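First up is the structure itself, then whatever we jot down about it.
Since every read-out is calculated from the coordinates, none of them should be taken as a lab result. All of these numbers come straight from a predicted model, not from anything done at the bench. Here the Cβ positions follow ideal geometry from the backbone for every residue, glycine too, while neighbour counts run over all protein chains shown.
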Protein chains: 2
Amino acid sequence: MTLTANTRGPLAGLIVLDLTRVLAGPYCTLLLADLGARVIKVEMPEIGDDARHIGPFIHNDDGPPTSAYFFSVNRNKESIALNLKVEADRLLFDKLLASADILVENFTPGTMDKLGYGWDVLHGRHPALILASISGFGQTGPYRALPAYDMVVQAMGGVLSLTGEEGGPPTRVGVSIGDIGAGMFAAIGVQAAIIERMRTGIGKHVDIAMLDSQVALLENALARYQVDGVVPGPIGSRHPSITPFGVFKAQDGYLVVAAGNDRMFPRLCDAIGLPDAKTDPRFATNPLRCEHHAALKMLIEQALAARTAAAWLHHLTSVGIPCGPVNDVAGVMRDPQINARGMLMELPLPNGKPFITAACPIQFVGEEPQASQPAPDLDQHRASLLNELGV
Amino acid sequence: MTLTANTRGPLAGLIVLDLTRVLAGPYCTLLLADLGARVIKVEMPEIGDDARHIGPFIHNDDGPPTSAYFFSVNRNKESIALNLKVEADRLLFDKLLASADILVENFTPGTMDKLGYGWDVLHGRHPALILASISGFGQTGPYRALPAYDMVVQAMGGVLSLTGEEGGPPTRVGVSIGDIGAGMFAAIGVQAAIIERMRTGIGKHVDIAMLDSQVALLENALARYQVDGVVPGPIGSRHPSITPFGVFKAQDGYLVVAAGNDRMFPRLCDAIGLPDAKTDPRFATNPLRCEHHAALKMLIEQALAARTAAAWLHHLTSVGIPCGPVNDVAGVMRDPQINARGMLMELPLPNGKPFITAACPIQFVGEEPQASQPAPDLDQHRASLLNELGV
């Protein structure tokens, strides 16, 4: 007997077996699950996904604490505990595999081969199966066998060198973009392979490296280096080639003002009471303003010191100047637009209390998002899965 | 007569009409083009994609300069110049639309309606067409009509508040993750819609907000705030809940060391000559090390000061401790793994000189990447497109 896929969402009909742990892989399968694929996490007995042991933790009166970290990226998935080194569990895994469209893993390259589930074996037995492998450095190249973490690939991929205060040390992006970027590219690769399979009937092996993914996010830094011959470094919270466009301090805190073009700049000067800046030859064009960005920033912040950030945002918005608050996480949770978009999804924790996770940002006009299920307990779906498989 | 799709790559068979400008939209269609879709940029006559006017610029002996920025995110696309407010051009656009599977746009919400190409009109005429709309704030909600830029959504979405030195100002991520994140989620949404359409025959309207996309990248920050009740702020280049795991200074520069777990930490102490730290009660467990991270960092950096970053990387790798260089852009371009993975793709500029752009990070094992075409000149493919359409 075989598993039945979901019937709702764009990826209805697809079944994903998920061997991934921690973040890059689980983020990929979260996206697939949110879009309607049936995702079955296959976790190590007793231990489970390593993320179950990473904080912050939520207290439970009975039973072990719940990892809020795990809870945030594993909604809409089922869980079964299997040890792929134990024969009986391998037989069960083989039954699950026979129903699966996609297998996702983020072991160090070579591990799947050692487990007896390398691509050649899988492809031989299940020619339509798609395998997605997410690793630090990819399935090829001199570093393929090395372990990697988010911080390592952020550093090697160049993003750290571009982030931080001008003249200061390289700075980590405050979220795990090394993991999350790779997870997103993996979801794109999996879907591309599904689209191809609909034509050919044949699955392929998607190979996503966290390091490659960082290089793909470098935007214009490679271009700037090749054109100018100068190695780009961190420049704080301004734009390298548009001014004024960045974070400015008002009376009580920060706001963003994005008024870099020559049409917008005089309007900004009028709006904040800087008539002299409007005609100052140092600020006459965007390239000149970029050259004199420090002087301009000082003038703008002197003017902004007269009112609060909220007052300026109200005023600047009313005169059509792109701007925005610098929200901390509390501000994000209060933000009217973020709430109106349904981006803060409340799900019940194992202890029954509600907990907010970021919703799926892929929306379809005129469609209400599906009801979501909270992240599973370890092995929560064993009985229902075995029942479905007729075991 | 209708357009013919490409025959190679997983997205062979799909035709994308691309009205997007600058970065979020073009990044989405770059991914689709790299994966084999035929992407046709429809650009404003004379002006073209705004990114053509954003630096850095490459000098050409004859003709206007080439934007390296534009060149980096528009390979594998064709270009035709059409003014959608001019009747003859609209007729041509309608002919292109009749061949298209997907239309991607990143105008402010409402613009497509004003142009007479709102979703209702498009869906009525072409029920199978998928429309992907990328905007600052999305097609719904109180801010929907407001303009937004990368910097604005980075700030509103909370990522800035998590990035930077401990106690310092909020810091922009050094790449345009506000645009690129939205472009990636849009590519995922487009592919999901294609997969659904293969079952239903009906297209849908994908609605991607740059702000939503930032919230979806917040990782564990929402969880930390809800569990601890403390608003998370920037913490430099360390991890909030794993220590030591971050950037450290060696004799001549920085390196990343990721040795946070209790098995790895004593090995690190041995490797860098800190036997006392191994038994120091302040560093006995990961939670204790997190509490005393500043003291531990000082000790580690005192030890690392004895050798160069390269020497330490060689040594730490040899004893199995995850670590890596902090590459600047020049380092990225020299990196053996990044080069071995083919992530630096050389394409000819209009002036004939080679130029490196980041390759597609979505790879398939055993498949050579397709040959790529450089970004098009404005209107470069008019004649061939008209010929194909029989006009």
Cα centroid separation - the stretch B:203-233 against the stretch A:328-391, whole Å: 13
For the stretch A:325-389, alpha-carbon Rg over 2.2 N^0.38 Å: 1.49
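Going by C-beta contacts inside 10 Å, put A:Ser237, B:Ser72 in order with the fewest on the left.
Ranked by crowding around the Cβ, least crowded first: A:Ser237, B:Ser72.
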Alpha-carbon spread of the stretch A:183-265, three principal axes, descending order, Å: 60, 34, 26
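Checking the table A:Lys77/A:Lys353; B:Lys95/B:Lys204; A:Lys114/A:Lys204; B:Lys85/B:Lys204; B:Lys41/B:Lys353 against a 22 Å threshold on Cα-Cα, which pairs fail?
Working: A:Lys77/A:Lys353 19 Å; B:Lys95/B:Lys204 20 Å; A:Lys114/A:Lys204 20 Å; B:Lys85/B:Lys204 25 Å; B:Lys41/B:Lys353 24 Å.
Check vs 22 Å cut-off fails for B:Lys85/B:Lys204; B:Lys41/B:Lys353.
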DSSP bridge orientation in the stretch A:126-271 - percent antiparallel, rounded to nearest 5: 55
Shortest-first distances to equivalent copies, position B:Asp270, nm, label 7 Å out along Cβ: 7.2
Residue-averaged [θ]222 nm for chain A, counting only DSSP H segments that reach four residues, each worth -39500 (n - 2.57): -10500 deg cm²/dmol
Computed FRET value (nearest 0.05) for B:Asn83 with A:Ala5, which takes r as the C-beta separation and R₀ as 45 Å: 0.45
Computed E for A:Met44/B:Ala295 - FRET, C-beta separation, R0 35 angstrom, nearest 0.05: 0.50
Burial ranking of peptide ranges A:318-329, A:336-347 (average Cβ count within 10 Å, highest at the top): A:318-329, A:336-347
Counting all C-alpha pairs of the protein assembly as shown, share separated by more than 43 Å (%): 25
Shielding by other protein chains, A:1-11, mean Cβ within 10 Å: 2
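How long are the three semi-axes of the equivalent ellipsoid for the stretch A:32-116, computed from the Cα gyration tensor as the root of 5 times each eigenvalue, in whole Å, largest first?
Calculated on Cα positions only, the semi-axes equal 25, 16, 13 Å.
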Label point 7 Å beyond Cα along the C-beta direction, distances from B:Ala284 to other copies (nm, shortest first): 7.0
Mean-position separation - Cα centroids, the stretch B:235-258 and the stretch A:174-195, in angstrom: 25
The stretch A:1-71: mean projected area of Cα convex hull, nm²: 5.9
Residue order, fewest to most beta carbons within 10 Å, for A:Ile15, A:Ile356, B:Ile188: A:Ile356, A:Ile15, B:Ile188
Alpha carbon convex hull of the stretch B:200-343, projected area averaged over orientations, nm²: 13.7
For residues of A:236-246, the mean tally of beta carbons on other chains within 10 Å: 4
The stretch A:53-164: radius of gyration over Cα atoms, expressed as a fraction of 2.2 N^0.38 Å: 1.35
Hypothetical label at B:Arg307: residues of the stretch B:256-275 whose amide nitrogen lies under 16 Å (7 Å Cα-Cβ projection): B:256-258, B:267-275
Helix A:309-318 vs. chain A, principal-axis angle (Cα, 0 to 90°, nearest 10): 80
Qualifying lysines (Cα of each under 19 Å from Cα of B:Lys278; at least 8 residues distant if same chain): B:Lys297
Ranking of B:Cys290, A:Cys360 by count of other Cβ atoms within 10 Å, fewest first: B:Cys290, A:Cys360
Using alpha-carbon coordinates, inclination of helix A:177-200 to the longest axis of chain A, degrees: 60
Cα-based Rg / Dmax (Å) for the stretch B:94-242: 18.6, 57
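If you take the C-alpha gyration tensor of the stretch A:121-176, multiply each eigenvalue by 5 and take the square root, what semi-axes do you get, largest first, in whole Å?
Output for the stretch A:121-176: semi-axes of 35, 12, 7 Å.
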Cβ charges +1 (Lys, Arg) and -1 (Asp, Glu), total dipole of the protein assembly as shown, debye: 140
Radius of gyration and Dmax over the Cα atoms of the stretch B:266-346, both given in Å: 16.1, 53
Crossing angle, helix A:87-99 versus chain A [Cα axis fit, 0-90 degrees, rounded to tens]: 70
Calculated P(r) tail over 37 Å for chain B, as whole % of Cα pairs: 35
Antiparallel %, DSSP beta bridges [both residues in the protein assembly as shown], to 5: 45
Per-peptide average of other Cβ atoms within 10 Å, ordering B:42-49, A:218-225 highest first: A:218-225, B:42-49
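How shielded is A:12-21 by partner chains, expressed as the average number of their Cβ atoms within 10 Å of its Cβ atoms?
Mean inter-chain Cβ contacts per residue within 10 Å come to 1.
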